[in-house]
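Student: Handing you this structure, nothing more for now.
Every read-out reported here was derived from the displayed coordinates using simple, explicitly stated rules and does not represent laboratory data. This one's a predicted model, so the numbers in the text were calculated from it and none came from an experiment. Cβ atoms come from the backbone with ideal geometry, glycine included; neighbour counts cover every protein chain shown.
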Amino acid sequence: MLERQAPRFVSAAEITRNFGMWQDRTALGPLIVTHHGRPRCVLVSAATWNAMSAIEPVPDGERALIEHDLLAERIDSGFIALDADLIVRGANALGAMMLGHARETLAGLSFAEAMPVLADGPVGGQIRRTLRTGEEGRLTAPHGGGKLRVHVFPWPDGVALTLRPAGEEDEADQAERTAAALREAIDVHGAIGTAHLSMRGTIKVADVGFARMAGFMPGRLVGVRATDLLALSARAKVTEALEEVLSGKGARSIASLLLVNGADERPVHVALAPIVEGYGTSGAMMIVT
């Protein structure tokens, strides 16, 4: 019995000079034929070729699913895959645990059976939207007394979700994104101004909209008492409301008159809300429309 050997490199010129010897050599293993030192092709025996031809290749779709399943087990989030009828096709171990199911019992359940809390809320709507349009979505959903960060995205023949607990950092990031969107909406509105007031009622920060209404550059308003920007006849009511807000009595809303660069009076609506830190008030937000 011939002993199998590792592939051997042989030049094309050598193959041509002594083809009979080298074709017998293929019984011990493949020959890698080189041209100017670079591998060009492989010479194998008929028996080896027949054995190789008998191996059925894995279909591309099935190969992709195998690769996806392997990847799902390695991510640090729960993973759930649903088909077009919203039936669970598979899940990684973490995903099944987060939903309170064994993996073997989770597959085959409908989305509503497997995830009733998520199915009845915004997540269910996002899943159907993703299935219909192919658009992915990210949202936060209540789950087991806490919150989950959910990412919904297209998956072969359906949709998939990743789930992970939403910690304080996630909530802080979400709050900052929401605040940034609110600031952008206020800026493009053009008729809304905001200012951050100190406990003494002076302006710490004024946005462009507020400064534009008052007829100043934003930096010129820092340190100015907010009520000094109002008409004399309107200051008493706003001052009283601001004192109530800063003393912890809640937000206030008042019709008032804004002085435009110290001259013209512009009818406005003023809203004041306390900025609470810990157990006390550290200032107020003032919105003028």
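Student: What FRET efficiency do you get for Arg177 and Leu232 if R0 is 30 Å and r is their Cβ-Cβ distance, rounded to the nearest 0.05?
Tutor: 0.10
Student: Something else: Evaluate E = 1/(1 + (r/R0)^6) for Ala251 and Arg128, where r is the Cβ-Cβ distance and R0 equals 41 Å; express this FRET efficiency to the nearest 0.05. Please report the intermediate quantities before stating the final value.
Tutor: Details: r = 38 Å, r/R0 = 0.93.
Working from the Cβ atoms, E equals 0.60.
Student: Hey, rough spin-label estimate for Val224 and Ala27, points 7 angstrom out along Cα→Cβ, what's it come to in nanometres?
Tutor: Distance between label points: 10.1 nm.
Student: While we're on this one: Using the count of nearby Cβ atoms within 10 Å as a rough guide to exposure, how do Ile203, Ile32 rank from fewest to most?
Tutor: With the fewest neighbours first, Ile203, Ile32 line up as Ile32, Ile203.
Student: Once amide H atoms are placed 1.01 Å from N in the peptide plane, what residues at a sequence separation of 5 or more from Ala160, or on another chain, have their amide H within under 5 Å of its amide H?
Tutor: Leu82, Phe153, Trp155
Student: Now a separate question. Mind checking which lysines have their C-alpha under 24 Å from Lys249, skipping anything on the same chain fewer than 8 residues away?
Tutor: Partners found: Lys204, Lys237.
Student: Taking 0.36 nm per intervening residue step and subtracting the Cα-Cα distance, what contour gain separates Asp85 from Ala12 on full extension?
Tutor: In short, 20.5 nm is gained.
Student: In nm, give the distance between the simple-model label positions of Thr239 and His35, each being 7 Å from the Cα along the Cα-to-Cβ direction.
Tutor: Rounded to a tenth, the inter-label distance reads 9.6 nm.
Student: How long is the gain from Ser110 to Val188 if the chain were fully straight, where each residue apart is worth 0.36 nm and the alpha carbon distance is subtracted?
Tutor: 23.6 nm
Student: Taking every DSSP beta bridge that has both residues in segment 8-53, what percent is antiparallel when rounded to the nearest 5?
Tutor: Approximately 55 percent, going by the DSSP bridge assignments.
Student: Quick one: go through segment 96-128 and flag any residue whose amide nitrogen is under 12 Å from the point 7 Å out along the Cα-to-Cβ line of Leu139.
Tutor: Flagged as within label range: 118-128.
Student: Name the long-range amide H neighbours of Gly90: under 5 Å, sequence gap of 5 or more, or other chain; modelled H, no Pro or chain starts.
Tutor: It is Ala81, by chain and number.
Student: What residues qualify as long-range amide H neighbours of Val205, i.e. H under 5 Å apart, gap of 5 or more or another chain, H built at 1.01 Å from N?
Tutor: His196
Student: What FRET efficiency comes out for the pair Arg103/Asp157, r = Cβ-Cβ distance, R0 = 35 Å, nearest 0.05?
Tutor: 0.95
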